[in-house]
């Protein structure tokens, strides 16, 4: 049975590598690194990329994947990344070990987004090796039957107003037909440093599903604005999508933005205390004292962080002992409806302690409240 799979894998490699069977609508590239050989193909007819990882050696090669992600693919234009296969996707964080036997292969196929005419570069990454952050193969392609786009896009961020502005302009000398599949004309998306989509403008919004068509006159423009989340802090990539040209799935524009949390503490009331009832723990509450529901975008399922320090040198951090789901979460805090959290503590030696509690919807760096206690 093993020989059968080896033969099948070898035939697959030979079939894909043979230049005689590559049709005029396909492009290919082959690279050998660290014992593995990588093939990257593009099929213009189906607009698909195929990525093949082979072991042409006589030795078994050990692979280690740090998560559920096997590979990644980037599309670049003018050396700028305009699309990444893993963006907005979430993978389990369980490490996997695999063996790639001699003449075995791993094969991946992915549908690419619809692109406008022009030249692009594909970069493939393989997660099973140590240098997983470096591309193992790249391929240049030319799109000739793509979408015609006569529009010019501009995106900027006003930090004082915490607003993003997206400008769409018809720079041609002809009227441009805009066809929106739904009432949603644009979308905005924030990507964090790990490539995760943590916020979309369209989230929790309802759009009419009727097709909408309009004409944009030469030189005319459409300006959109949207407020970004107030509770996020850090550096992000902001992407803008325009839905007026049927089928364009890549961002029309993207910029780097630096956000600072603007949640007003005056609208939040925090309290915390040490309790020995049942088990030693910190009890924390957060109350929304305003008249409107607050929404918090969190990068993981973690809502609070607790750090305990003692005058005896003891140190303990809540997140060091709990595994949180690595998917963005939207949390709501309704008016006059407190949120409670019970953080159970380990066995503490005698001493005086201070606990700092961080409500992550408010701030990751400023404690929401501190409480002192003795054991």
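Coordinate-derived values only; no laboratory data. All values derive from a computational prediction rather than experimental measurement. So basically every Cβ, Gly included, is an ideal-geometry build from the backbone, and we count neighbours across all protein chains shown.
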Heads up, the range 251-346 by the C-alpha gyration tensor (a ≥ b ≥ c square roots of eigenvalues; a/c under 1.5 rounded, else a/b over b/c prolate, else oblate) looks oblate
Computed over the range 218-375, the relative contact order (Cα-Cα under 8 Å, seq sep at least six) in percent reads 23
Expected sort for 136, 237 with the fewest Cβ neighbours (10 Å cutoff) up front is 237, 136
Stretched fully, the stretch from residue 97 through residue 60 gains (0.36 nm per residue minus C-alpha distance, one decimal, in nm) 12.0 nm
Quick note, the chain: a/c under 1.5 would make it rounded; otherwise a/b > b/c is prolate and the rest oblate (a ≥ b ≥ c, C-alpha gyration tensor); here it is oblate
Most exposed to least, judged by fewest other Cβ atoms within 10 Å, 370, 114 sort to 370, 114
Nearest-0.05 FRET efficiency for residue 340 and residue 207 at R0 = 30 Å, using Cβ-Cβ distance, is 0.25
Helix 2-17 sits off the longest principal axis of the Cα atoms of the chain, rounded to the nearest 10 on a 0 to 90 degree scale, by 70
Taking R0 as 51 Å and r as the Cβ-Cβ distance between residue 47 and residue 269, the FRET efficiency 1/(1 + (r/R0)^6), rounded to the nearest 0.05, comes to 0.40
The distance between the Cα centres of the range 255-322 and the range 193-213, in whole Å, is 29
Taking 324, 41 and counting other beta carbon atoms within 10 angstrom, the fewest-first order is 324, 41
Here the gain from full extension of residue 283 to residue 332, 0.36 nm per residue of separation minus their alpha-carbon distance, amounts to 15.7 nm
For the chain, averaging the sequence separation of alpha carbon pairs under 8 Å that lie six or more residues apart and dividing by its residue count, the contact order in percent is 11
With -39,500 (n - 2.57) per DSSP H segment of 4 or more residues and division by the full residue count of the chain, the 222 nm estimate, nearest 500 deg cm²/dmol, is -1500 deg cm²/dmol
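Between residue 363 and residue 250, what length comes free when the chain is fully extended (0.36 nm per residue of separation minus the Cα-Cα distance, one decimal in nm)?
Taking 0.36 nm per residue and subtracting the Cα distance, the gain is 37.4 nm.
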